[in-house]
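Trainee: Before we start, here is the structure in question, set down as structure tokens.
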Amino acid sequence: MALLQRLLRGLGRGAVVTAHHAGGIGILLWRIAVATLRGRVALRDVVDQAVEMGVGSLPLVLVTSVLSGVVTSQQGGYQFTGSIPLYVLGSVVASSVVLELGPVMTAFVLIGRVGARITAELGTMQVSEQIDALLSLGRDPVRVLAAPRLLAGILVTPLLVGIANCVGLFAGMVAARLDVGLGYESFLYGARLFWHNWDMFYSLLKATAFGVIIPIISTHMGLRTRGGAEGVGRATTASVVFMIISVLVLDALFPPLFLN
Amino acid sequence: MIEYEDVWKAFDVPVLTGVNLRVETGETLSMVGPSGTGKSVLLKTTIELITPDRGSVRIDGETVGTASPRRLQEMRRKVGYVFQYAALFDSMNVFDNVSLGLPEQELKTLPRSEVLRRVCQSLEEVNLDPALVLTKLPAELSGGMRKRVGLARAIVGEPEILLYDEPVTGLDPVNTATVDRLILDIAEHRNVTSIVVTHDIEGALQLSDRVALLDHGKLRFVGTPEEFRSSDDPVVRAFADREAAAAAALKIMEEP
């Protein structure tokens, strides 16, 4: 009975915390939308953030996408050899990379490289009174700090996912040739066989959704940081956990919503 | 004029418990008191960096808490705020940090040479050589220089009110005297209304028209420096002279 009570209490607390964060994120999104629609976000800030996010993350995105393509191709080749026509490997690699691995692996790279940095950066600004300083100078931190990061995320994430998809596919194709001797034409034949143009749109749609939730969660967590250096550490860890869970939940929601 | 009317604020425990205070235009008021009694919290309520749980703050008769976001931004522009650790933006050099003190519209419309002139003028006013510091990042400055850059940022927009949150904390005696002198000069030359939250009693008594002592979330004393020095209140005495402070500290340590 006591265990059940503790469990229910824990669930209740979790629900309250989740609702609290969801409300905060909703308000932040609304304020960013208003600032953006009123043209009050500096384009230069958006471009700076986009360059920082995009160019800075590209090498790691390339590495993860190459490895995703190669591993998918190797595992498919191992399972299909001797049982299924090998050209089907093209379809498996294309679908896995475009529908799943490209967007999700890119999102994980952005969580680690961009999301954690945003939370730590804004959290440090919060605990060192720089956010208060901005307010005291008549500047709105949502407009100056949050909006450029969100807009940059929305612009850059689909681009990175597009690149990750192409590179992953190419890496998978090369790996298929080296590993199981599948020619490029056969691979592409298989890839085209079960291809739907919607798949690429789906992939980029998913990327855009990730491009919203990573900067918005990291910004929200950063701006509500309290308690000095320790608080920044706690906020960054919590932010990364929230971002990973959100990406995975969203990833699970996408197929029933958009693939049926 | 700044008026605090029955201001209450709690963070888990009560911090401010009904503060009433009026700071006249052009006056310099120093606020002293033990650590954790809500001096900085009260200062932050002035421009709604912290919202009081109860009560109100008025600047020139206008209630800060009920102002629209746009009006609040305009009211904040009338106020220069000097933060305890300067709160300079780490990624920006001194020029960019100080120029942020100018209203956004002016920053967009003024020629860069005019912005530079005003930034340099502010830096010179706080005894910093623009040629030496303008392109430096905050991390490349000493603590005293950072405080003075923070002060330059607060005055570059020519505010009518200046709020200082422990402007000399962590500074050596020479830098403390320099910053105290600057506060006095700025108050005299610019005729601004100033509130200085400080632990530096000597400085407070020298530069203020009035001294307020906040204790356990309430104002325990408000009066001139002379009245402060001659007060019989034991808490005020503990702040006013070192011997009384040492006796009070001994009493606290001896308590079981």
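Trainee: Taking B:Gly55 as meeting all but one of (1) touching a residue at least 40 places away in the same chain (Cβ under 8 Å); (2) crowded, with 18+ Cβ neighbours inside 10 Å; (3) more than 9 Å from chain A (Cβ to nearest Cβ), write down the number of the exception.
Mentor: B:Gly55 satisfies every listed condition except (2).
Trainee: Oh, and also: Assess whether A:Leu58 counts as being under 18 Å from A:Val114 (Cα atoms), among the hydrophobic types (A, V, I, L, M, F, W, C), modelled with pLDDT of 95 or more and part of a helix (DSSP H, G or I). Working first, answer last.
Mentor: Working: under 18 Å from A:Val114 (Cα atoms): yes; among the hydrophobic types (A, V, I, L, M, F, W, C): yes; modelled with pLDDT of 95 or more: yes; part of a helix (DSSP H, G or I): yes.
Judged against the criteria, A:Leu58 is a match.
Trainee: Return yes when A:Val63 is more than 30 Å from A:Arg224 (Cα to Cα), free of Cβ contacts under 8 Å to residues at least 12 places away in the same chain and assigned to a helix (DSSP H, G or I) and no when it is not.
Mentor: Numbers: more than 30 Å from A:Arg224 (Cα to Cα): yes; free of Cβ contacts under 8 Å to residues at least 12 places away in the same chain: yes; assigned to a helix (DSSP H, G or I): yes.
Here the answer is yes, as A:Val63 does meet what is asked.
Trainee: For the range B:66-85: of the residues being among the aliphatic types (A, V, I, L, M) and either within 11 Å of the chain's Cα centre (by Cα) or surrounded by fewer than 16 Cβ atoms within 10 Å (Cβ to Cβ) (or both), which is nearest to the other protein chains (Cβ to nearest Cβ)? Full working, then the answer.
Mentor: First, the residues of the range B:66-85 that are among the aliphatic types (A, V, I, L, M): B:67, B:72, B:75, B:79, B:82.
If we keep only those that are either within 11 Å of the chain's Cα centre (by Cα) or surrounded by fewer than 16 Cβ atoms within 10 Å (Cβ to Cβ) (or both) too, we end up with B:79, B:82.
On the way: B:Val79: 7, B:Val82: 9 Å.
Among those that are among the aliphatic types (A, V, I, L, M) and either within 11 Å of the chain's Cα centre (by Cα) or surrounded by fewer than 16 Cβ atoms within 10 Å (Cβ to Cβ) (or both), it is B:Val79.
Trainee: Are any residues in the range A:126-162 within 13 Å of another protein chain (Cβ to nearest Cβ) and within 24 Å of the chain's Cα centre (by Cα), and if so, which ones? Show your work before the answer.
Mentor: From the range A:126-162, those within 13 Å of another protein chain (Cβ to nearest Cβ) are A:126-145; that's our starting set.
A:Pro141, A:Val142, A:Arg143, A:Val144, A:Leu145 - these are the residues of the range A:126-162 that are within 13 Å of another protein chain (Cβ to nearest Cβ) and within 24 Å of the chain's Cα centre (by Cα).
Trainee: Please go through the range B:89-144 and give me each residue that is of a type in the set (S, T, N, Q) and either in a loop (DSSP other than H, G, I, E, B) or within 14 Å of another protein chain (Cβ to nearest Cβ) (or both), ordered by number. Working first, answer last.
Mentor: So the first thing to find is which residues in the range B:89-144 are of a type in the set (S, T, N, Q), and the list is B:91, B:93, B:97, B:99, B:105, B:109, B:113, B:121-122, B:127, B:135, B:142.
Selection gives B:Ser91, B:Asn93, B:Asn97, B:Ser99, B:Gln105, B:Ser122, B:Asn127, B:Thr135, B:Ser142.
Trainee: Determine, yes or no, whether B:Leu49 is facing chain A (nearest Cβ under 10 Å) and over 18 Å from the mean Cα position of the chain (by Cα). First the steps, then the outcome.
Mentor: On the way: facing chain A (nearest Cβ under 10 Å): yes; over 18 Å from the mean Cα position of the chain (by Cα): no.
Taking the combined requirement at face value, the residue does not satisfy it.
Trainee: Now, a different point. Enumerate the pairs (first residue in the range B:18-34 and among the basic types (Lys, Arg); second residue anywhere and surrounded by fewer than 23 Cβ atoms within 10 Å (Cβ to Cβ)) with beta-carbon separation below 6 Å, excluding pairs fewer than 6 apart on the same chain, so at least 6 apart or on different chains.
Mentor: B:Arg22/B:Glu3
Trainee: Pairs only if they're at least six apart or on different chains, beta carbon under 8 angstrom, first in the range A:103-118 and surrounded by 24 or more Cβ atoms within 10 Å (Cβ to Cβ), second basic (Lys, Arg); list them, first residue then second.
Mentor: Matching pairs, first to second residue: A:Pro103/A:Lys206; A:Ile118/A:Arg149.
Trainee: Which one of these is surrounded by fewer than 20 Cβ atoms within 10 Å (Cβ to Cβ) and under 26 Å from A:Val17 (Cα atoms): A:Arg149, A:Arg234, A:Arg192, A:Arg177? Please lay out each step first, then the result.
Mentor: Working: A:Arg149 fails: surrounded by fewer than 20 Cβ atoms within 10 Å (Cβ to Cβ); A:Arg192 fails: under 26 Å from A:Val17 (Cα atoms); A:Arg177 fails: under 26 Å from A:Val17 (Cα atoms).
The unique qualifying residue is A:Arg234.
Trainee: So B:Arg153 clears everything in (1) more than 12 Å from the chain's Cα centre (by Cα); (2) modelled with pLDDT of 90 or more; (3) part of a helix (DSSP H, G or I); (4) more than 14 Å from chain A (Cβ to nearest Cβ) except one condition, right? Which one?
Mentor: (4)
The values are calculated or read from the model by the stated rules, or taken from the named source; none is laboratory data. Every value quoted in this text rests on a predicted model; they were computed, and no experiment measured them. Neighbour counts are summed over all protein chains in view; Cβ atoms, including those assigned to glycine, are modelled from backbone coordinates with ideal geometry.
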